[in-house]
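Below is one structure, written out as structure tokens, with a few remarks after it.
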Amino acid sequence: MIDAGLGVCLATDFNPGTSPSANIPLLLSLACTQMKMLPEEAFNAITVNGACAMEVENIYGSIAIGKMASLIITQEIPSFAYLPYSFGENHIKQVIVKEAYLLSFTKLCMRNSDYVPMKKVNPPVKKVNCDGH
């Protein structure tokens, strides 16, 4: 599907009956090891492609100026591709959920506070637009 240019989405379908896990690191690991997705493809599938599927890509799904900054900040890791292959370890240093807008790639505007400096964030290598291009 990815090779055909289609946007692929991944989700946990978390519910207590048939899918009692909301474990995103496990989902990423399964996508890369069992579905043979590249780490960039798997991350896009749970972020920007998921936002496109829910028609909220103008607000969520990617790190971009003016979007809600729902994101994680990790401990130091060797590379971006390391995360799906180390799902049993907790690499999360900080979680920011619906608390900030990205004003630039060096500043977050937190609700009810001043600017917070942050390191430059590089987007994933592959980008898939909502129309599949």
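The values are calculated or read from the model by the stated rules, or taken from the named source; none is laboratory data. If you're wondering where the values come from, they're calculated on a predicted model, not measured in any experiment. Counting neighbours? That spans all protein chains shown, and the Cβs are built from the backbone with ideal geometry, glycine included.
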Right, Ala69: more than 22 Å from Tyr82 (Cα to Cα) and modelled with pLDDT of 85 or more or not?
no
Is it fair to say Glu89 is touching a Lys or Arg at 6+ places or on another chain (Cβ under 8 Å), at pLDDT 50 or above and among the acidic types (Asp, Glu)?
no
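For the range 60-81, give me the residue count where each residue is touching a helix residue (DSSP H, G or I) at 6+ places or on another chain (Cβ under 8 Å) and surrounded by 13 or more Cβ atoms within 10 Å (Cβ to Cβ).
Count: 6.
Quick check on the range 61-85: of everything there that is in a loop (DSSP other than H, G, I, E, B) and touching a residue at least 24 places away in the same chain (Cβ under 8 Å), which residue is nearest to Met37 (Cα to Cα)? Before you say what the answer is, go through the steps one by one.
The initial filter retains those residues of the range 61-85 that are in a loop (DSSP other than H, G, I, E, B), namely 61-67, 69-70, 75-79.
Next cut, touching a residue at least 24 places away in the same chain (Cβ under 8 Å) only: 62-67, 69-70.
Working: Ser62: 19, Ile63: 21, Ala64: 24, Ile65: 28, Gly66: 29, Lys67: 27, Ala69: 25, Ser70: 24 Å.
The selected residue is Ser62.
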If Ser21 satisfies all but one of (1) surrounded by fewer than 20 Cβ atoms within 10 Å (Cβ to Cβ); (2) under 15 Å from the mean Cα position of the chain (by Cα); (3) hydroxyl-bearing (Ser, Thr, Tyr), what's the number of the condition it fails?
(2)
Qualifying residue in the range 13-25 (condition: assigned to a helix (DSSP H, G or I) and under 19 Å from His91 (Cβ atoms)):
yes
For the range 38-59, indicate whether the set of residues that are aliphatic (A, V, I, L, M), in contact (Cβ under 8 Å) with a residue 60 or more places away in the chain, part of a loop (DSSP other than H, G, I, E, B) and surrounded by 12 or more Cβ atoms within 10 Å (Cβ to Cβ) is non-empty.
yes
